[in-house]
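Asker: Pasting a structure here, questions to come.
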Amino acid sequence: MSFEMDASPLSDLAPVSRDSLQHQAKQAIVRSILNGLFMPGERVVETKVAEGLNLSRSTVRAALQTLIQEGLLEQESFRGTIVMPVTVRGAEELETIRESLEQLAVRQAIVHASDAEVAELRARYERALAAAANQDVGLAYHLDLAMHQQIVAMAHHSLLSRHFALIEHKMLLYMAHAGGPHLSAEGFRRQHEDVMEGIANRDEARALKGLDRHFVEATSFLVGMFTNKETTHD
């Protein structure tokens with residue numbers, strides 16, 4: 001089952017207010033990419049985006065430049081700005097850097113997280129598990145990300161948080177275009193329960209073992225799906 005989000009044209013997005021125009025333009029572009037309006041490898045034309053959002057080209061240009069710096073967009077000679085392509089190699093790189101960041105997050109969260117933060121982590125886990133059980137694919141993936149965001153926040157490590165934020169949109173982009181079978185409630189529990197319980201009980205060995213299982217399975221899934229896609233397109 002493919003992971004689908006509601007797609008809507010740029011002209012249907014709510015007009016951007018004059019407050020933090022560049023940031024809001026950036027978020028509107030990100031939503032359009034994740035919704036499938038702009039596909040991986042597709043050009044993002046500054047003039048069309050500016051017209052769709054009813055913003056100046058300079059504001060949109062600044063937003064696009066920020067997304068290029070963050071890696072969600074790329075600048076290509078003779079083509080201009082394009083959405084980051086999704087590839088087997090890209091999936092491997094994304095999962096390896098994500099695993100390194102989350103290993104640090106788990107270690108730091110075990111030391112620094114409050115009981116209230118642990119309770120919030122458990123609540124996010126339960127919501128994601130319920131979405132997986134209901135086969136709500138898009139919601140399950142978003143809630144999955146929300147759980148991992150909570151682990152990073154619990155680390156109370158500002159540099160870690162900034163680096164993780166740089167890959168969040170890439171994570172969703174790869175999830176959106178991977179397709180494949182829905183992650184079952186059993187699979188979600190297998191990948192996340194030990195991580196959550198390990199953090200909650202300040203058991204680093206259990207949490208890291210669970211995290212390792214999570215990334216072995218997640219990387220195998222993503223790489224397998226994009227290998228199939230690349231083979232099909234050859």
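Asker: Which of the numbered conditions does GLU95 fail, given that it passes all the others? Conditions: (1) within 24 Å of ALA178 (Cα to Cα); (2) at pLDDT below 95; (3) of a type outside the set (Val, Ile, Thr); (4) not assigned by TED's automatic domain parsing to the domain that holds HIS177.
Answerer: Against the list (1) within 24 Å of ALA178 (Cα to Cα); (2) at pLDDT below 95; (3) of a type outside the set (Val, Ile, Thr); (4) not assigned by TED's automatic domain parsing to the domain that holds HIS177, GLU95 comes up short only on (4).
Asker: Using the structure shown, decide if LEU73 is surrounded by 20 or more Cβ atoms within 10 Å (Cβ to Cβ) and touching a helix residue (DSSP H, G or I) at 6+ places or on another chain (Cβ under 7 Å). It would help to see each step written out before you state the result.
Answerer: Numbers: surrounded by 20 or more Cβ atoms within 10 Å (Cβ to Cβ): yes; touching a helix residue (DSSP H, G or I) at 6+ places or on another chain (Cβ under 7 Å): yes.
Yes, satisfied.
Asker: Being buried (at least 16 other Cβ atoms within 10 Å of the Cβ), assigned by TED's automatic domain parsing to the domain that holds ARG162 and either touching a Gly at 6+ places or on another chain (Cβ under 6 Å) or small (Gly, Ala, Ser) (or both), is that true of even one residue in segment 120-127?
Answerer: no
Asker: Can you say whether GLU204 is within 20 Å of ALA131 (Cβ to Cβ) and among the acidic types (Asp, Glu), as far as the supplied structure shows? So that I can check it myself, show each step before the final result.
Answerer: Details: within 20 Å of ALA131 (Cβ to Cβ): no; among the acidic types (Asp, Glu): yes.
In short, no.
Asker: So, SER184, is that one exposed (fewer than 15 other Cβ atoms within 10 Å of the Cβ), assigned by TED's automatic domain parsing to the domain that holds ARG98, within 30 Å of LEU73 (Cα to Cα) and more than 18 Å from the chain's Cα centre (by Cα) or not? Before you say what the answer is, go through the steps one by one.
Answerer: Numbers: exposed (fewer than 15 other Cβ atoms within 10 Å of the Cβ): yes; assigned by TED's automatic domain parsing to the domain that holds ARG98: yes; within 30 Å of LEU73 (Cα to Cα): no; more than 18 Å from the chain's Cα centre (by Cα): yes.
Spelling it out, it is not the case that SER184 is exposed (fewer than 15 other Cβ atoms within 10 Å of the Cβ), assigned by TED's automatic domain parsing to the domain that holds ARG98, within 30 Å of LEU73 (Cα to Cα) and more than 18 Å from the chain's Cα centre (by Cα).
Asker: Restricting to segment 149-174, what's the tally of residues that are touching a residue at least 60 places away in the same chain (Cβ under 8 Å) and in contact with a His (Cβ under 9 Å, 6 or more places away or on another chain)?
Answerer: 3
The values are calculated or read from the model by the stated rules, or taken from the named source; none is laboratory data. Predicted model only: the values in this text are computed from it and were never measured. Here Cβ is always computed from backbone atoms with ideal geometry, including for glycine, and neighbour counts include all displayed protein chains.
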